[in-house]
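For reference, the structure discussed in these notes is given below.
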Amino acid sequence: MISVLIVDDEKLVRDTLANYINWKELGIDAIYLADNGSRALLLAEKVQPSIVITDIKMPHMGGMEFAQIIRKQYPGSRLVFLSGYTDKEYLKGAIHLHADGYIEKPLNLPEISSMVRELVCLCLQDEARNNPELFFYHGNTKEAVLNNKVFTLTKTDLNQIKTFLATNDETALLIALHSLCARIRQCEGTPPDYIRNVYSQLALLLESAAEFHGAVKTQAAGGAFVYMTAQMDCLKDLENELFHIAAFLYEEIRERDFEPVSQVNGYIQAHFTESTVTVDGIARDLNFNTSYLCAVYKKKTGQTINAALTKARIELACKLLKEPDRKLYEVGMCVGYTNGKYFTRVFTKETGISPREYRERHHEVS
């Protein structure tokens, strides 16, 4: 429960603060009033206020003396000084007591409301430090009780996520993740470390998918998140980061998939005469995962990358074979085949006739 103790010898000030600020909207559960420091101490002993707003100059016991005792007896209370006096000695005292705020009269209610709202957040954070599990599930809220339901991650859960990632079904994946996260939120009896491990496993799946798709930025973000999970104090932060990475993955996939066929074809045209060209090398140089690039290329063209590479080589070989002065093995070397026998075998398979027969037929036609 968040409570406020207002201490001021002026009734008008007390009534104005009590009646013209929407304390409930600010997250305050109870308001207590006192007209001097002595009465305020007796009241504080009973209610142990979360926030104390006290005038500096009061009869019987001044605000500074009262605040010193509050600081000593209730070190967790947030302290705000209220005064129409700007004397430097008062300000020095407020600083010495590590005051959380200082408000000058005449009262500025919006200013006071803003300050109280910030102090309520600090109070909730203080409570959370004493109950990390409560903070993990509810963050800076005033939830006081956790249920005892326990979440267990199953192989079915992980396999479902893997399936959607493998089929590149973004909508199905996001629905599955939302459903899984909702189940986790409902099981507040689960140790936070177990939940952090669950999110770490999900992050590993996203990282693996990013690697497969060649989504380098997402892969790095997913890898970082795997290690970040252990340090994250709030379930909401874990959830937000997971969905951020999932969205980032598909955004990067869409960016990279704009025309992978053109990239591969361009690479082949520039390098097919080199004997060292391989599918793995093409994928590496274009910064794609080999399996992913092969699957996308085959889906969009109906042929494999190797087939496209071979086609480019054979087409050039056919042109070169029409030059009678070129030896057959030289033609093979010019199109990327260092082994003459292998060149003959590939050429024969692709055209139905050997390089020698191709040359003879062309010679006959010419």
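Some notes on this structure:
- Helix-only CD estimate at 222 nm, as mean residue ellipticity for the chain, using -39500 (n - 2.57) per DSSP H run (n ≥ 4): -20000 deg cm²/dmol
- Nearest-10 value in Å² for the accessible area of residue 255, using the 1.4 Å probe: 110
- In region 1-82, the portion of solvent-accessible area held by carbon and sulfur atoms comes to 49 percent [1.4 Å probe, whole percent, DNA, RNA and ligands not counted].
- Against the chain, whose longest principal axis is taken from its Cα atoms, helix 63-73 shows a tilt of about 60°.
- C-alpha center-to-center spacing [region 295-348, region 215-266] in angstrom: 39
- Greater than 29 Å apart at Cα, pairs in 149/236; 149/217; 11/46; 217/311; 299/341; 46/236: 149/217; 217/311; 299/341; 46/236
- Cα convex hull, the chain: 211 Å³ per residue, rounded to a whole number.
- Rounded to the nearest 10 degrees, the inclination of helix 109-130 to the longest alpha-carbon principal axis of the chain is 70 degrees.
- Separation in nanometres of the label points that stand 7 Å from Cα toward Cβ, at residue 159 and residue 354: 5.5
The values are calculated or read from the model by the stated rules, or taken from the named source; none is laboratory data. Predicted model, so just to flag it, every value in this text is computed and none were measured. Glycine also receives a Cβ, built like all others from the backbone with ideal geometry; neighbour counts cover every protein chain displayed. Note: accessible area is taken over every heavy atom of the protein model, side chains too, but ligands, DNA and RNA are not part of it. Shrake-Rupley method; radii C 1.70, N 1.55, O 1.52, S 1.80 Å.
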